Amino acid sequence: VDTTSWEEPEPAELRLLATDADWAGLAARYQGHNPRPLKRCLEVARAGGATTVVIETRYIDLDYRSEYSAFYAGAFRSAPDSAHRLHFFRAPLTADQLWRLPDDHGYLGYMIIRPSDLGPVGRTVLQAPPGMADAVRTTVRDQVCFFGQHLVVEGVPFMQQDSQLGRCAHAAAWMCHYTAHRRDGLARRPMADFSLSANPGLGYGRPLPSQGLTVQQLLELLRTFDLPASFYNVRQLPTSRLAPWAGPAPQPPSGQNEMHPGLWDTRLIGTCCRYLNSGFPVLVATGDHAFVLCGYRREPRDGKRDWITFIRHDDQRGPYLAVGNVLDDVDPDSGYQYSPWECLIVPLPTKLWLPPEPAEYVGAVLMRRLAQALQSQVPEAESLLKLIEGGRLALRTYAAPANTFKASLERGIDEQLLREYRLARFSHYVWVVEAVDRDQRKDGLPCVIGEAIFDATSSQNEPNLLALHIPGAAWVHRTTGPPRFPIRSAPDPYQSGGIGPP
Amino acid sequence: MKGICSPPIEPDIGKEPRMEQSEKGKDVLPELTDLQGLTVTDPLDLLDAEERATVREELDRLAHERREAEAASGTLRLG
């Protein structure tokens, strides 16, 4: 990164991006030792249709300024104390439009550039590339002030490590935290805090320059930043069958009992999906690296289980990258071996105490049992049992603030049930376990036929059921007096309330 | 200093609610039609004793597995 005349021209530079040479010139301007994150960011902007980049040449970035203050200001070699901010637009702009943008500017997002060769890509929020947008599930809305004009971008926050103060674990934790900041209004933490607040007693060696974070440091850091994380060791994923009618648990290949579960245990996939359905990013740790899952795509296959392709932000490779095969995860460009994944760290809102697995298990048991109990009086209930018998019932579990859940009920749900749900007293967050008709899902049709709703502040040993709905009838708890039952409802399938396609 | 617009507050403790019982709730939630006498106070009551024991066992097992996995979080360094 050439820092000569770093803050010129004032206040900004405008470049049109019409040809390969224009894009190559921009990449060359900011290329660091590891050019891949920058290259991928530019690919994403280009795929979104960017034709103009506006470079703010003296941008006081909270994250870079924190790093400068904590580290670079103490180095012998001078470094600029400001960053560049690149804004991408779909519309071809001219310099005299910058102070009053046309209505159809087509803002695609921004990238902060640090004046550093070791990790130039700072805070970045770019729209997901076309074709990937519906698979991305942890999108947030970020507002930007551009020469006195408020612009909005929806995307998943990304940042490259600077390799001095922060490493991959810091960058991954920051991505999760900035997402929660934008999503839930959590207090903003600048990037340097992720290094300075790490407990050195839980790690090795000197904290600066950083050599990374241990898993325990990472967990402790997230806890102190009001985002306590759920932890899964891939070698010890929950062994219980969460749906009583599900097939046997996956086993290692014959004769290879010692094989790492990260190479064969497909429960890894469902574990990640429950959180991604809720809009929560999942931080994945391999043996020595960390990255963030921000979405997934389901692809039905004839006669086989659906194929799940995850989407990841990897600070060393860039944003919005597809994970071809979770169990054989190799970077196609460099050959870097991600597999086997070692653990999953899911930063969560403080009051989401109930984990999803007990909710899913009890929800499955009770939906089936209620259908059995009611089938003689509510004939529609039998359809749920038939789907179970035919192996065509799937479960989709997600968490949501109860108000968001109630606000999103206009998705084909029976009016009577909608009224009951909206008037019910629910905990601030709820876990929702949806009963999904696989055939309807495969055809892209409304596919949810019932759900169980749980109090997210209840115990994992005794999940507190708030509502239970099967085709034709529902039960809703009340905090005073008897529950509402039987609420009769039409059996028609409706859309899922989780984030992204089911 | 006395508030100029705050009437003295009468404690409600021990008083009958002002709203008649018949006015409470009825206009917000409709009456539900009985299912031939079938009532479900708690869907867990639909499970027999053996099924309830199985559910409790499974939940205990899930909780135990979670605790074990967390304890084994180890000292991997990510960088």
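The values are calculated or read from the model by the stated rules, or taken from the named source; none is laboratory data. Remember, predicted model here, so these are calculated numbers, not experimental data. Please note: Cβ atoms are built from the backbone with ideal geometry, for glycine as well, and neighbour counts cover all protein chains shown.
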Q) Any residue at all in region A:62-84 that is without any contact (Cβ under 8 Å) to a residue 40 or more places away in the chain, over 30 Å from residue A:192 (Cα atoms), out of contact with any strand residue (DSSP E or B) (no Cβ under 6 Å at 6 or more places or on another chain) and not in a loop (DSSP other than H, G, I, E, B)? A) no
Q. How many residues, within region A:199-216, are in contact with a Leu (Cβ under 9 Å, 6 or more places away or on another chain) and either on the phi > 0 side of the Ramachandran plot or in contact (Cβ under 8 Å) with a residue 24 or more places away in the chain (or both)?
A. 6
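Can you say whether residue A:92 is in a loop (DSSP other than H, G, I, E, B) and within 26 Å of residue A:177 (Cβ to Cβ), as far as the supplied structure shows?
Numbers: in a loop (DSSP other than H, G, I, E, B): yes; within 26 Å of residue A:177 (Cβ to Cβ): no.
No; evaluated as a whole, the condition is false for this residue.
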(Q) Looking at (1) surrounded by 15 or more Cβ atoms within 10 Å (Cβ to Cβ); (2) touching a Pro at 6+ places or on another chain (Cβ under 9 Å); (3) not aromatic (Phe, Trp, Tyr), which one does residue A:18 not meet, given that it meets all the others? (A) (1)
Q | Criterion violated by residue A:311 - all others in (1) surrounded by fewer than 22 Cβ atoms within 10 Å (Cβ to Cβ); (2) in contact with a helix residue (DSSP H, G or I) (Cβ under 9 Å, 6 or more places away or on another chain); (3) within 30 Å of residue A:124 (Cβ to Cβ); (4) not small (Gly, Ala, Ser) satisfied | A | (1)
Q | Any hit, region A:22-43, residues being part of a loop (DSSP other than H, G, I, E, B), among the small types (Gly, Ala, Ser) and at positive phi | A | no
**Q.** Filter result for the condition that a residue is surrounded by 12 or more Cβ atoms within 10 Å (Cβ to Cβ), modelled with pLDDT under 95 and over 29 Å from residue A:340 (Cβ atoms), over B:40, B:28
**A.** B:40
Q: Being surrounded by fewer than 15 Cβ atoms within 10 Å (Cβ to Cβ) and under 21 Å from residue A:344 (Cβ atoms) is the filter; apply it to region A:200-244 and report the residue that is farthest from the other protein chains (Cβ to nearest Cβ).
A: A:224
Q.
Can you tell me which of (1) at pLDDT 95 or above; (2) within 14 Å of chain B (Cβ to nearest Cβ) is the one residue A:456 doesn't meet?
A. (2)
Q: Considering (1) away from every other protein chain (no Cβ under 14 Å); (2) in contact (Cβ under 8 Å) with a residue 24 or more places away in the chain; (3) out of contact with any helix residue (DSSP H, G or I) (no Cβ under 9 Å at 6 or more places or on another chain), say which one residue A:168 fails and leave the rest.
A: (1)
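Is it fair to say residue A:376 is over 27 Å from the mean Cα position of the chain (by Cα), of a type in the set (S, T, N, Q) and surrounded by fewer than 20 Cβ atoms within 10 Å (Cβ to Cβ)? Full working, then the answer.
Numbers: over 27 Å from the mean Cα position of the chain (by Cα): yes; of a type in the set (S, T, N, Q): yes; surrounded by fewer than 20 Cβ atoms within 10 Å (Cβ to Cβ): yes.
So residue A:376 passes the test.
Scan region A:200-213 and tell me whether some residue there is of a type in the set (Gly, Ala, Ser), touching a Ser or Thr at 6+ places or on another chain (Cβ under 8 Å), over 23 Å from residue A:138 (Cβ atoms) and in a loop (DSSP other than H, G, I, E, B).
First, the residues of region A:200-213 that are of a type in the set (Gly, Ala, Ser): A:201, A:203, A:205, A:210, A:212.
Applying the additional criterion that residues be touching a Ser or Thr at 6+ places or on another chain (Cβ under 8 Å) yields A:203, A:210.
If we keep only those that are over 23 Å from residue A:138 (Cβ atoms) too, we end up with A:203, A:210.
Now drop any that are not in a loop (DSSP other than H, G, I, E, B), which leaves A:203, A:210.
Taking every residue of region A:200-213 in turn, at least one turns out to be of a type in the set (Gly, Ala, Ser), touching a Ser or Thr at 6+ places or on another chain (Cβ under 8 Å), over 23 Å from residue A:138 (Cβ atoms) and in a loop (DSSP other than H, G, I, E, B).
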Q) For residue A:359, which of the numbered conditions (1) in a loop (DSSP other than H, G, I, E, B); (2) touching a strand residue (DSSP E or B) at 6+ places or on another chain (Cβ under 6 Å) fails to hold? A) (1)
Q.
Of the residues A:267, A:301, only one is of a type outside the set (S, T, N, Q) and more than 14 Å from chain B (Cβ to nearest Cβ); which?
A. A:301
(Q) Tally up the residues in region B:45-79 that are within 7 Å of another protein chain (Cβ to nearest Cβ) and in a helix (DSSP H, G or I), please. (A) 13
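Kindly indicate which of A:364, A:452, A:399 is among the small types (Gly, Ala, Ser), touching a residue at least 12 places away in the same chain (Cβ under 8 Å) and part of a helix (DSSP H, G or I).
Among A:364, A:452, A:399, only A:364 is among the small types (Gly, Ala, Ser), touching a residue at least 12 places away in the same chain (Cβ under 8 Å) and part of a helix (DSSP H, G or I).
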Q) Which pairs do you get when a residue that is buried (at least 24 other Cβ atoms within 10 Å of the Cβ), found in region A:263-284, comes within reach of a residue that is of a type in the set (Asp, Glu), reach meaning Cβ atoms under 9 angstrom, with the pair 6+ apart or on two chains? A) A:274/A:357; A:274/A:360; A:284/A:342
Q: Give the residues of region A:406-418 that are closer than 12 Å to residue A:489 by Cα and surrounded by fewer than 16 Cβ atoms within 10 Å (Cβ to Cβ), sorted by residue number.
A: A:412, A:415, A:416
Q: Check whether at least one residue in region A:406-417 is outside any helix (DSSP H, G or I) and free of Cβ contacts under 8 Å to residues at least 24 places away in the same chain, and report yes or no.
A: yes
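Which of the residues that make up region A:459-477 are facing chain B (nearest Cβ under 9 Å) and either aromatic (Phe, Trp, Tyr) or over 17 Å from residue A:243 (Cβ atoms) (or both)?
Step one: of region A:459-477, the residues facing chain B (nearest Cβ under 9 Å) are A:459-463, A:465, A:468, A:473, A:475, A:477.
A:459, A:460, A:461, A:462, A:473, A:475, A:477, listed by residue number.
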